[in-house]
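First comes the structure, then the notes that go with it.
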Amino acid sequence: MAGPMVIAVDAMGGDTAPEAVVQGALRAATRTTARILLVGDEKRLHRCLASLPHSPAVDVLHAPETVDMGDIGPLALRKKKLSSLFVAIDQLQRGTADAVVSAGNSAAIVATATHQLGLIPGLKRPALGVLLPTFGPDLLLTDAGAHSESGSIHLAQTVFLALSFLKHSCGRSNPTIGILNIGHESTKGPRAVQGAMKLLAETSALPIRYVEPHTLFDGAVDGVVCDGFVGNAVLKLLEGMVGAVRQCCVPGSPEACAPCAGDSAAAPHRWLHRLVCRELGAAPLLGVRKTVLIAHGRSSAQEIANAVLEAEQFAREGLFQRMGQDAELVEHLALVRGRYTHWMLTGLKNRWRFGAKKAETDKGGEP
């Protein structure tokens, strides 16, 4: 009989590590049958555990190095092979853990997970997905911060990642996706966005359209795709807005502000209440072969606990494995990649021809 599920937690990752991470893991341990493996400096972790009542289902694995929040992702991967992050993901790669949770350096997590676990065939790079409450079903925002810059191929492939996630995780049989842009006209937006739309038009019959920021919460689409810089900025703006609302409203209390205490049948009231009351957890790193969740660097103990429970749920559902075996997803990724390669080769050929003609006509001032 197979043993209990194991969730490896990068105990040294995050602004409040290891104290808040340990507290969060202990909270999660009271709500799950999975074992939790805290990876990090064993002396510091045992000191944290000694001061708190804890379950025997929580174990410690020593890792002497720590990836700092300011470290460059690829450099951390190469130079810190004994870091808590690397050791945690190595446990996942070896099969001795079923999922990894980290609130540490996002760039390092992405680089390490991509290198150690590999990607879905044909995918150029992974993306972070976050579900946001709207006036309708939750909206999937991706990329929410895995990469700060994206080219046309990355945006186009992320569309198909989002579609697969919505089908396999949210049970939406025909989800709709939009690309975030400053307008709905085809002439608007940066080259990468316009190029992504052209790639999608040439490789798929899906009705992809542009989505403007002020319509995100209307529920018109199931998911929206953007580069990680924009997605992370949107996410942090919402977090700031939630913090501002919470300062003037305590949901469920007699002093609650009108939107939360008002007519529960009104969609705007329900949306604001859901946004303020939502328990944050972590974002799945879509596209890697095994379950990796990235929590916010400032995550509290409760948010770490939520992240651990989310990771367990994704692992039990086999979400990442099912996405990796999604034949439709793999086919679309290959089509986009092949078409993009054709674009690049055509561009190089044209530049070569132009350079050759210029060389023939440039006589260097000779008669």
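Over all Cα atoms in the stretch 1-52, the spread is summed up by Rg and Dmax: 11.3, 39 Å.
Under 14 Å of direct C-alpha separation, and excluding same-chain neighbours fewer than eight residues apart, LYS236 reaches these aspartates and glutamates: ASP143.
Around the Cα centre of the stretch 133-227, unit charges on the Cβ atoms of Lys, Arg, Asp and Glu (plus for the first two, minus for the last two) sum to a dipole of about 200 debye. Restricting the calculation to alpha carbons of the stretch 1-151 gives Rg and Dmax of 16.3, 49 angstrom. As a length-normalised measure over Cα pairs under 8 Å and 6 or more apart, the relative contact order of the chain settles at 22 percent.
If you restrict to DSSP beta bridges whose two residues both lie in the chain, what percentage is antiparallel, to the nearest 5? Roughly 25 percent of the DSSP beta bridges within the chain come out antiparallel. Relative intensity of the stretch 34-123 on a log10 scale, I(q)/I(0) at q = 0.16, 0.20, 0.25 Å⁻¹, equals -0.66, -0.96, -1.30, per a Debye sum over C-alpha point scatterers of equal strength in the absence of solvent. Average 1/r across all pairs of distinct alpha carbons in the chain, invert it, and you get the Kirkwood radius: 22.1 Å.
With all protein chains kept in place, the per residue accessible area of the chain amounts to 48 square angstrom at a probe of 1.4 angstrom.
Ligands, DNA and RNA left out, the 1.4 Å accessible surface of the chain is 56% carbon and sulfur atoms.
For the stretch 147-258, with equal point scatterers placed on the C-alpha atoms only and solvent neglected, what are the log10 I(q)/I(0) values from the Debye formula at q = 0.10, 0.11, 0.18, 0.21 1/Å, to two decimals? Treating every Cα as an identical point scatterer, log10 I(q)/I(0) equals -0.37, -0.44, -0.93, -1.15. Each of the peptides 101-113, 193-205, 300-312, 215-227 was scored by the mean count of other Cβ atoms within 10 Å over its residues; in descending order, highest first, they stand as 101-113, 300-312, 215-227, 193-205.
Helix content alone sets the calculated 222 nm mean residue ellipticity of the chain: runs of n ≥ 4 DSSP H residues at -39500 (n - 2.57) each, divided across all residues, give -15500 deg cm²/dmol.
Spatially, the stretch 187-201 and the stretch 83-157 are offset by 24 Å when compared through their Cα centroids. Once backbone amide H atoms are built at 1.01 Å from N, LEU132 has LEU139, LEU140, LEU141 as its partners under 5 Å, excluding neighbours fewer than 5 places away on the same chain. Taking a point 7 Å from the Cα of GLU331 along the Cα-to-Cβ direction, the residues of the stretch 185-213 with backbone N closer than 20 Å to it are 199-208.
The values are calculated or read from the model by the stated rules, or taken from the named source; none is laboratory data. A quick note: this is a predicted structure, and the numbers were derived from the prediction, not measured. Note: ideal-geometry Cβ built from the backbone for every residue, glycine included; neighbour counts use all protein chains shown. For the accessible areas, the whole protein counts, side chains as well, though only heavy atoms, and no ligand, DNA or RNA atoms are used. Shrake-Rupley method; radii C 1.70, N 1.55, O 1.52, S 1.80 Å.
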